Every structure is written in structure tokens, then in C-alpha cells.
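A.B. asks: Can you keep this structure in mind? I'll have questions shortly.
The values are calculated or read from the model by the stated rules, or taken from the named source; none is laboratory data. Note that the coordinates shown come from a computational prediction; the quantities given were computed from them, not determined experimentally. All Cβ positions, glycine included, derive from the backbone under ideal geometry; neighbour counts span all protein chains shown. Accessible surface areas use protein heavy atoms only, side chains included; no ligands, DNA or RNA. Shrake-Rupley method; radii C 1.70, N 1.55, O 1.52, S 1.80 Å.
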Amino acid sequence: MAAVVGRRRASGGGRRFALLTVAPATLLLVGISIFPLLWALRLSFMQDSLLSVATPHFIGVDNYAHLFHDPLFWSSLGVTAVFAVSVITIQLVAGLAIALALDRLPRYQQVIATILLIPSILSPSVVSFQWRQLFDYYSGPLNYFLGLLHLPLQGWTASARGALPALVLVDFWEWTPFMVLLMFAGIKSLPRSVFEAARIDGSSGWQVTIFQTIPLLRRVIAIAVILRLIGAFKIFDIIYSLTAGGPGTSTESLAFYTYVQGFRYFDLGYSTAMAFVTLILITVLARLILGFMERPIGRSVA
Amino acid sequence: MPPITRRNFLADSAKASALLALGGTSVGSLLSACGTSSASSEATTLAVEIDAGQNANPFMWFANDMQSAVGVSPKIIGLPFVGQYEKIVSEMITRSNVYDVLVFPPFFVGDFVAKGFLHKLTDFGSESDFKLDDVLPVYRDVYLKRNGNLYAAAYDGDQLQIAYRKDMFDKAGITKAPTTWDEFVATAQALHQPPTQYGNAFYGQRGFCYGWFINIFAANGGKWFSSDMTPGIAGDAGVKALETLIKLKRYAPPNILQIGYPELNEAYLNGSTAMVVQWNDLALKAEDSTKSKSVGMNGYAPSPVANYMPYSRVMAISAYTSNPHNSYKLIQYMNRSEVSIKDVYDPNCGEDPFRTSHFDTSAVKDHTGKPTMSAAAATTYVSANKGGLAIGYPELSIPGAPRYIDILDLKVNEALSGGSTAAQALKSASDEWNSITTALDKNAQVKAYADWVDSFHKAGINY
């Protein structure tokens, strides 16, 4: 009966009511999200440089075509890919390991989890400043300890080979705790009965982790990987503060290069095209990861 | 009806704002028309944009005196040293009135004047308020004016300079500062005893390393462009200069590509580096026992053959300020010779001499009147400053200069980091420069460059 009434309402005055109810939210969404996105999409097909004498005009796909011939775009994409794969792999493995260890702690889990949050809630500029001090060649503690061990001092961000690993280290410090917390929350939400049954069947702790815990965590892992993938593709702040993209272009990420084109050269059309390519890349990768994680994966999880 | 574009929208918004503002200021306009100073309706606390840190200090030191003398005071808005250009442009493009006074390096002047971001100073007073005869010609004619109009007043007269450890030179049997770049390399090599002593150091970090390349490029007879805007950097003078800089990396601290302005100061002041090329304010810090391990052991000399004058700072009035008359008063006060002479020799800021009257060895004191170095060191330092200006090589400041410079910096840094050879890097930078010139309208750039070069000749610079 209720369903019938509901259907009748939806087909009459109720529909207008429903539309009126969702209208403010829809308008807001269109106004602050969809309209700017469409405006930006239009801009990506324009020649529009704020410092140029030329009037902005439509140039079709020229900005996109230029991207594919721009060596700095490809090198920044390469830097971003290496950075993303490195941080996601290291943080996932470390985050999972620490979360599993944390789960086995009899006490102080909440206290440790709270402390772990600190790096992730610090402002990126503070994080960069603090690591700048840590990396300092003359007065940084890292080189101080190397000196104590009679090892050669390092210019941590001073070489094209060393700078990107240094940024990976900073990102590891900042975001691994976030990964730990996600994994820890995921582990806590798993049904304990599955693990008890596995143990009764004679599985070792290692086997339980590999064949039960990790497969059951796959959706959490997928979300964590996607979140960190987005973070890695957007990496800008620590690069801006620590290396400014250098030495050379060794740490110039896609986000940093987009910033340079947009806000240093004020080439709005080109930088917007770059931003859209980044958006497409992230969307495709996220879709692939979700698809991979949702595939059925063997009897042990059934 | 014209199409609604972002620019039209901004322009129409500005017109609407102006109409709205007209209602609010009409009384002021009437009073002004009746002879009352329009400055009286303006705010007296003025937003001063400047790169954050030590260079803002003089505004704070003199804030009370300024208030007493001209009735205005500064509110500092600090921006990052690298990134200042984009921050200012981002505000100005939206006609924001967040800044009243802009303090920036003169290589922005070309773009800012072309885009209408600055008021002419003479709209609010007279050139004579700035005692331009006392301002060193290079700063006055090249950095402050465009098309014969005065847009800015000097705040800081930068130049690169050699600072070296006399004790280390003596120990190695070297009797004088190098006067050619070959000598410079040989000296750096002779003094290089890692890890306790490095032969030399320079700005190797991305952001400003191009300046140290241009310093050598100028000595090799290089020119930014030819008269038809063909880039000069990729020729022999450029390639040889970059190869020299790459060679100098061998005799530098291992973190050389991490070294920016503060790190370069540190490398010299902590006693680990025998010789550096750095902005000339390093000398004031090197003679300050709270900052330096080498007080009394330093020598100063101009760079070999030619002396690049990167950065410097000028003060100008934002075209969108609501307080232009009071901004003028603030700028005029800070530019006064009796005020500026108190900061150009203070080790706690980065300002350097830009007036003839600043070259007075008895004036080498901090802003409180305390001598900042011994009489002998002051004589050497003032003499090095004068000598550097005599062979000065100005910074590019035509429209698009920040973009030309940024790409050059990137390519120089790429070569320093081993990512390309000197020739490849400079060829690539040169190609990019051609694209920038085309994008900005080649004919307009040719004219702007010719006007700029002409201003050198008026200033007596051999270019």
C-alpha cells in the first residue's frame, strides 16, 4: 500500500516537491563543480595566455597535440609515475605490516593510532621546512649521524639521482601513517570467526595473513591505493618547497609542471589541457585498480 | 553586445566597481576639486608587498620615523623569494587592491609596465623628490624608467661579487683575487681540499643558478639578444660560460645543486669554502661575528671582467591601490638618501648601495649607527662595489623577462645536474626563447629590447 501511495505521489505533486527538494543541491553542484569544469574544458581548447598580446581564441586540439610533443610534459609524467609507484608500493607494504603488528598489540592501540596521525595532519609546508632542515648538508641531523659513523656526507636533494628518492622518503614519512590507519581500520572490521576457523584448520599466522587477511582487505587496499595515487599525482607542495623541481627537471612532477605553465608562464589554455590529461589518467588508473580488486580471487576467500 | 569573455567580465566588473566606488568617493572627489589633498581620504597603513625575510626589515626599523615624518606606516605582506612574480601577477590580473606598494626586482618592470600594473610615480609628485642625480646611473636609467617615465624608486642595488678568505689564499700562496675566469677556476682548484675546505661555491639550486652562468657569459662578451632578438646564449660565449660553471662544480661542496641564497651564505660563513661569488650583502654578514667565522679574514673583489647585477629591488605603486598618494609618500621616504644609507650597510637585511652618496666608507654602519666592519674592510668592500658597477652587466628587464629567465635557469640547472651538455642545454633554452619572442610579438620585442639597450648607453654601460 505504502509503495502504491509513494508511486502515486511521485507521479503527481510529489514529483514537483522532489524536484524542488533536490534543486538547491543540484544548482550548487552545477554552480561550483560542473560549470567550472566545463569552463576549464573550454579553456583547454583555447590559446589563452594572460601575458600575451594575442586575444584568446579557439585553437581546437592544438594544446593537447602540443602536449604530446613537449619533452618536459613526458619527463614530468615519468617523474610522477616513478614517484607514484614508489610511494604507493612502499607505503602499502609498510602500512599493512605496521597495521598487522598494531592489531596484535594487546594494549595502547588507540594511543599509537592517534600518535601515528601527526605527520599526516601537519601542514605540507611545515613538513617541507622540517625536512629541509633534516637534509641540510652542514647542520642537518642526517649528515651529523653519517659523520659520526665516518660515512661520506650527502647532499640529499643535490643530485638528479638522489632528489626523487629524498622526496619519496618525505612522502613516506608523511603518508605511511595514513595508510597504517586505513589498514588498521580495515583489519578491525574483518569478521574474527574467519581467522579462528583458519587457525582451527591448522593455518599458521603467516598463512592467515596471506590467504585470509590480505584478500579480505582487498577493497580497503583498493581505496587506499586510489587515494594515494591521487595524492601522488597531485604532489606539488613538498616539491615546491624542497627542490623547486630540480636539479634540472629530476623532480618536476606533472602537477608542478602544470603549475609552472599556468602560474609562472600564465599559459592558461595549455596548463588546463595538461590538467585534463592528468584527470583522465587518474580516472583510468582508478578504474583499473577497482576492476582488479573486484575480481573473484580464489577459494580461500569464499 | 560584445561576447562575454573572462576579460570582458573582469573589465565590466571593474567598471561596475568603479561606478559603485564613485558613490562612496564622490565627497572626496569634490573636496579634491576644491583643493583639499586627495591623500587625506586614503588609508595611512599601507600594504607593502616584498619578498619575505630580511629584506622587509628596513620598513619595520623605520616605521615609527616614517609615521612621524610623512604620516604613513607599512604593513608587510611577505611573498616567497622564488615565486614572487607569479604571486604578484595573479593578484594584479584580477585587479586586486590587496597591495599598495610593490617591492620587486626590476626584471619584472618590463612586464608590469606593459600590462598596466604600475602607476607612474610622477602622477603623484616630481622626479626631483627622488634625487635621481644621486642614484647610480645603471639603476636609475635601466631599472626605474620605461619610455622615459619614472615607474619605480630604487630600494636595493644588487650585484654579484667575489668574497674570499685571505688567510686561505695566503696559505696557498695566492696573492690576489682572480681577474679572469680561467684564473678563477685555477684558484678554486688550488684551494680545494675536501671535505674540510672547498675551492668555491655558487648558487647551484634551480631558481637562480642562471645568474652565475650569466656572470661568466657577460665576461665572455655574450649578449642577451642580437638587435633582431636572436638569442645570444647558445653561441660560443654561452657554451664556454656554462662549461666553466660545470667545471667549477668539481671544486665546490658536494651539495652544490642544493645551494641557494641562504645555503651559499652558510657555505662561506661557516668557514668551509675559500671563495664564493655571491650577492654583495654577504660581506656585511662575513664581518659580523654573530654570523661568521671569518671576521677580519675576508677580501672582496668584483667578478672577473664583467659583473652581473641580478635582482636588486625597486618600489612602485600598484595601479589598483586605493591609496596611491600615501603609497608615494612611503616610497619617497624609504628612498631618501638619509634613510636608505642606514640600511644598505646593515647585516640584518639584504639591501645594497644604489646611490653615489652611499659610497662613503664612514657610513658603513647598521641602522642604529654601529659600525658593521673595520675601516680597512669597509674600504675594500666599498671599493669592490664601485669596481663591480664600473663593469656592471644589467639584468634582462624587457616584457617576458621572467619567462626567458625561468627557462634559462631550468636549462642551466639541467646541465649542472648532468642531464645535458652545455651546448644542448643552451640550444634548447635558445629555442624556447625564440618561441617566447614569437608568442609575445617579435616586432614589439625587438623595439622593447632596443629601448632597453639604449637605456644602457644612456647610463654609460658598455654593452
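A.B. asks: Distance in nm between label sites at residue A:113 and residue A:33, each 7 Å beyond Cα in the beta-carbon direction?
C.D. replies: Label-label distance for residue A:113 and residue A:33, simple model: 2.9 nm.
A.B. asks: I need the per residue convex hull volume for region B:232-309, using only the alpha carbons, in cubic angstrom as a whole number.
C.D. replies: Dividing the Cα hull volume of region B:232-309 by its residue count gives 107 Å³.
A.B. asks: At a Förster distance of 51 Å, what's the computed FRET efficiency of residue A:190 paired with residue A:66, Cβ-Cβ distance as r, to 0.05?
C.D. replies: 0.55
A.B. asks: With equal scatterers on the alpha carbons only and no solvent term, can you work out the Debye log10 of I(q)/I(0) for region B:39-104 at 0.21, 0.26 1/Å?
C.D. replies: -0.88, -1.13
A.B. asks: Calculate the mean, over all residues of peptide B:249-260, of how many other protein chain Cβ atoms lie within 10 angstrom of the residue's Cβ.
C.D. replies: Partner-chain Cβ atoms within 10 Å, mean over residues of B:249-260: 5.
A.B. asks: Please give the contour-minus-distance gain from residue B:227 to residue B:133: 0.36 nm per residue of separation, less the Cα-Cα distance, rounded to one decimal in nm.
C.D. replies: 30.9 nm
A.B. asks: Quick one: net charge around residue A:137, please, counting Lys, Arg +1 and Asp, Glu -1 for every other residue with C-beta under 12 Å from its C-beta.
C.D. replies: So the surrounding residues net to -2.
A.B. asks: In whole Hz, with x marking every Gly and Pro, tabulate ³J(HN,Hα) for region A:102-107 from phi via Karplus 6.51 cos²θ - 1.76 cosθ + 1.60, θ = phi - 60°.
C.D. replies: Going residue by residue, I get 5, 5, 8, 5, x, 9 Hz, with x marking Gly and Pro.
A.B. asks: Additional query: Can you pull a Stokes-Einstein diffusion coefficient for region A:226-280 at 20 °C (1.002 mPa s), Rh from Kirkwood over Cα pairs, as a whole number of µm²/s?
C.D. replies: In µm²/s, the coefficient rounds to 187.
A.B. asks: Hydropathy first: keep DSSP H helices in chain B averaging at least 0.5 on Kyte-Doolittle, then drop any whose Cα extent along the axis falls short of 30 Å, and list what survives.
C.D. replies: Once both thresholds are applied, what remains is B:6-33.
A.B. asks: Sticking with this structure for a sec: Just tell me which aspartates and glutamates come within less than 17 Å, Cα to Cα, of residue A:234; anything on the same chain fewer than 8 places away is out.
C.D. replies: Within the straight-line limit of under 17 Å, residue A:234 reaches these aspartates and glutamates: A:171, A:174, A:252.
A.B. asks: Over all alpha-carbon pairs of region B:372-421, lay out the pair-distance distribution in 10 Å bins, whole %, shortest bin first.
C.D. replies: Taking every Cα pair in region B:372-421, the percentages come to 21, 22, 26, 25, 5.
A.B. asks: Can I ask one more? Tell me which aspartates and glutamates have Cα within less than 18 Å of residue B:131's Cα, excluding those fewer than 8 residues away on the same chain?
C.D. replies: Candidates past the 8-residue exclusion: B:123, B:141, B:156, B:338, B:343, B:352, B:360.
A.B. asks: Same structure, new question: Counting only residues 5 or more places away or on other chains, whose amide H sits under 5 Å from the amide H of residue B:45 once H atoms are built in the peptide plane?
C.D. replies: B:73
A.B. asks: Additional query: Once both labels are modelled 7 Å past Cα along the beta-carbon direction, what's the residue B:170-residue A:105 spacing in nm?
C.D. replies: About 6.0 nm separates the two model spin labels.
A.B. asks: Also: Taking just the C-alpha trace of chain B, give me its Rg and Dmax in Å.
C.D. replies: Both quantities, over Cα of chain B: 22.8, 79 Å.
A.B. asks: Would you grab the residues whose amide H sits under 5 Å from the one on residue B:298? Only those 5+ places off in sequence or on another chain, please, with H modelled 1.01 Å from N.
C.D. replies: The list, which skips near neighbours in sequence, is B:166.
A.B. asks: Please list, by residue number, every one of the chymotrypsin sites (Phe, Trp or Tyr not before Pro) in region A:108-167 that is coil in DSSP and has at most 12 other beta-carbon atoms within 10 Å.
C.D. replies: Passing sites in region A:108-167 are A:108.
A.B. asks: While we're on this one: Work out the length of the dipole vector of chain B about its Cα centre, built from +1 on the beta-carbon of each Lys and Arg and -1 on the beta-carbon of each Asp and Glu, and round it to the nearest 20 debye.
C.D. replies: Around 320 debye, computed over chain B.
A.B. asks: Considering the Cα positions of the protein assembly as shown, please state its Rg to one decimal place and its Dmax as a whole number of Å.
C.D. replies: 30.2, 105
A.B. asks: Distance from the Cα centre of region B:42-67 to that of region A:199-229, in angstrom?
C.D. replies: Each part reduced to its Cα centre gives a spacing of 59 Å.
A.B. asks: While we're here: For chain B, what is the relative contact order in percent, using Cα pairs closer than 8 Å and at least 6 residues apart in sequence?
C.D. replies: Across chain B, relative contact order equals 24 percent.
A.B. asks: Using a 1.4 Å probe and counting only protein heavy atoms, how much accessible surface gets buried when A and B come together, both sides summed, in Å² to the nearest 100?
C.D. replies: Approximately 3100 Å², summed over both chains.
A.B. asks: Convert 4 °C to kelvin, take the viscosity as 1.567 mPa s, use the Kirkwood radius over C-alpha pairs of region B:127-264 as Rh, and evaluate the Stokes-Einstein diffusion coefficient in µm²/s, rounded to a whole number.
C.D. replies: 74
A.B. asks: Which ³J(HN,Hα) values, rounded to whole Hz and listed in residue order, are derived for region A:93-101 from phi using the Karplus coefficients 6.51, -1.76 and 1.60 in 6.51 cos²θ - 1.76 cosθ + 1.60 with θ = phi - 60°, glycine and proline given as x?
C.D. replies: 3J(HN,Hα) across region A:93-101, in whole Hz: 5, 5, x, 5, 4, 5, 5, 5, 5.
A.B. asks: At q = 0.12, 0.17, 0.24 Å⁻¹, what base-10 log of I(q)/I(0) does the Debye formula yield for region B:297-403 when every alpha carbon is treated as an equal point scatterer in vacuo?
C.D. replies: -0.53, -0.94, -1.33
A.B. asks: Could you grab the Rg to Rh ratio for chain A? Cα atoms only, Kirkwood for Rh.
C.D. replies: 1.07
A.B. asks: Provide the per residue accessible area, probe 1.4 Å, for the protein assembly as shown, rounded to a whole number of square angstrom.
C.D. replies: 44
A.B. asks: If ligands, DNA and RNA are left out, what is the accessible area of residue B:370 with a 1.4 Å probe, given in Å² to the nearest 10?
C.D. replies: It works out to around 130 Å².
A.B. asks: Could I ask something else about it? Let me have the 222 nm mean residue ellipticity of chain B computed from DSSP H runs of 4+ only, each contributing -39500 (n - 2.57), with the sum over all residues rounded to the nearest 500.
C.D. replies: Helices in chain B give a 222 nm mean residue ellipticity of -13000 deg cm²/dmol.
A.B. asks: Leaving out ligands, DNA and RNA, and with a 1.4 Å probe, what % of the accessible surface on the protein assembly as shown is carbon or sulfur?
C.D. replies: So the carbon and sulfur contribution to the accessible surface is 63 percent.
A.B. asks: Another question about this same structure. How about residue A:188: which aspartates and glutamates have a C-alpha closer than 12 Å to its C-alpha, ignoring those fewer than 8 places off in the same chain?
C.D. replies: Candidates past the 8-residue exclusion: A:103.
A.B. asks: Another question, if that's okay. Using only the Cα atoms of region A:102-229, what do you get for the radius of gyration and for Dmax, in Å?
C.D. replies: According to the Cα coordinates of region A:102-229, Rg and Dmax are 19.5, 58 Å.
A.B. asks: Normalise the Cα radius of gyration of region B:72-187 by 2.2 N^0.38 Å (N = residues in it) and let me know the number.
C.D. replies: My calculation over the Cα atoms of region B:72-187 gives 1.50.
A.B. asks: I've got another one for you. Just to check I understand the Karplus step: with θ = phi - 60° and J = 6.51 cos²θ - 1.76 cosθ + 1.60, what whole-Hz values come out for region B:154-166, glycine and proline as x?
C.D. replies: So the Karplus estimates, Gly and Pro as x, are 5, 10, 8, x, 7, 7, 7, 7, 8, 10, 9, 8, 4 Hz.
A.B. asks: Assuming R0 = 51 Å, can you tell me the calculated FRET efficiency for the pair residue A:25 and residue A:199, based on Cβ-Cβ distance, to the nearest 0.05?
C.D. replies: Given R0 = 51 Å and the Cβ-Cβ separation, E is 0.55.
A.B. asks: Still on this structure, please answer the following. Hey, any idea what Rg/Rh is for region B:261-348, computing Rh the Kirkwood way over Cα pairs?
C.D. replies: 1.10
A.B. asks: Something else about it: Quick one: putting +1 on the C-beta of Lys and Arg, -1 on the C-beta of Asp and Glu, what dipole do you get for region A:25-174 around its Cα centre, in Debye to the nearest 20?
C.D. replies: 340
A.B. asks: How many nm separate the modelled label positions at residue A:90 and residue A:285, each set 7 Å beyond the Cα in the direction of the Cβ?
C.D. replies: 1.6
A.B. asks: Per residue of A:239-247, count partner chain C-beta atoms within 10 Å of its C-beta, then hand back the mean as an integer.
C.D. replies: Neighbouring Cβ atoms belonging to other protein chains average 6 per residue here.
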